[in-house]
Amino acid sequence: MKVESADVQGVIWAAGGVPGGHSLYVKDGRLRYTFNWIGTTLQDVIADRDLTPGAHVCTAEFAASGPSDDPDMPGTSGTLTLYVDDEAVGSEQIVTQPGYFCLTGDGICVGRDSASAVSTEYTAPFTFTGGTIDKVVVDLSGDRYVDHEGQVRAWFSMD
């Protein structure tokens, strides 16, 4: 995505809504991620610094550590880390929900949260403004994110 103004804000990517889901968004100049556990528990990760103007790759990466110990939240425990480009800017322990969620039919959205809001931190649609979103990639492979374009640029700079 490209940050074009200091007042950049809005949803980058969201799936689900009030009864459960995920949202990667910018609020108050910072990258944020919310995992909404079946409408009962909001788990938030907030970057420790503001986004700067320019082009950035914003990533939310979940690293599973094992089954949740909390009987009220069965699922998988792990660490959700936010990255801006290759730099970690926030990290928290969360528990993900097994199976499907969002019985209301809230789907996947890019640049807005079109139905009910995943997070109480914003009101839907919380349209992305102050920048542009070039593309969104959702990778469920379990492999760590690799910036292939960055690798190629580095190869060309080694001459």
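The values are calculated or read from the model by the stated rules, or taken from the named source; none is laboratory data. A quick note: this is a predicted structure, and the numbers were derived from the prediction, not measured. Note that each Cβ is placed from the backbone with ideal geometry, even for glycine, and that neighbours are counted across all protein chains shown.
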Subject >> Top-ranked residue of the stretch 60-73 - restricted to ones that are surrounded by fewer than 16 Cβ atoms within 10 Å (Cβ to Cβ) and charged (D, E, K, R), ranked as farthest from Ser119 (Cα to Cα) >> reply: Asp69
Original post:
Which one is modelled with the highest pLDDT among residues in the stretch 134-159 that are in a loop (DSSP other than H, G, I, E, B) and either of a type in the set (Ser, Thr, Tyr) or more than 21 Å from Phe62 (Cβ to Cβ) (or both)?
Top reply: Asp134
Original post:
From the list Val3, Val57, which residue is surrounded by 14 or more Cβ atoms within 10 Å (Cβ to Cβ), of a type in the set (A, V, I, L, M, F, W, C) and out of contact with any Ser or Thr (no Cβ under 9 Å at 6 or more places or on another chain)?
Top reply: Val57
**OP:** For residues that are among the aliphatic types (A, V, I, L, M) and within 17 Å of Thr76 (Cβ to Cβ), scanning just the stretch 21-53, find the one that is farthest from the chain's Cα centre (by Cα).
**Re:** Ile38
**OP:** May I ask you to list the residues in the stretch 9-20 that are more than 11 Å from the chain's Cα centre (by Cα) and part of a strand (DSSP E or B)?
**Re:** Gln9, Gly10, Gly16, Gly17, Gly20
Original post:
Can you find even one residue in the stretch 26-44 that is hydrophobic (A, V, I, L, M, F, W, C), out of contact with any Leu (no Cβ under 9 Å at 6 or more places or on another chain) and crowded, with 18+ Cβ neighbours inside 10 Å?
Top reply: yes
Original post:
Can you find even one residue in the stretch 74-91 that is at pLDDT below 90, crowded, with 19+ Cβ neighbours inside 10 Å and closer than 16 Å to Ile12 by Cα?
Top reply: no
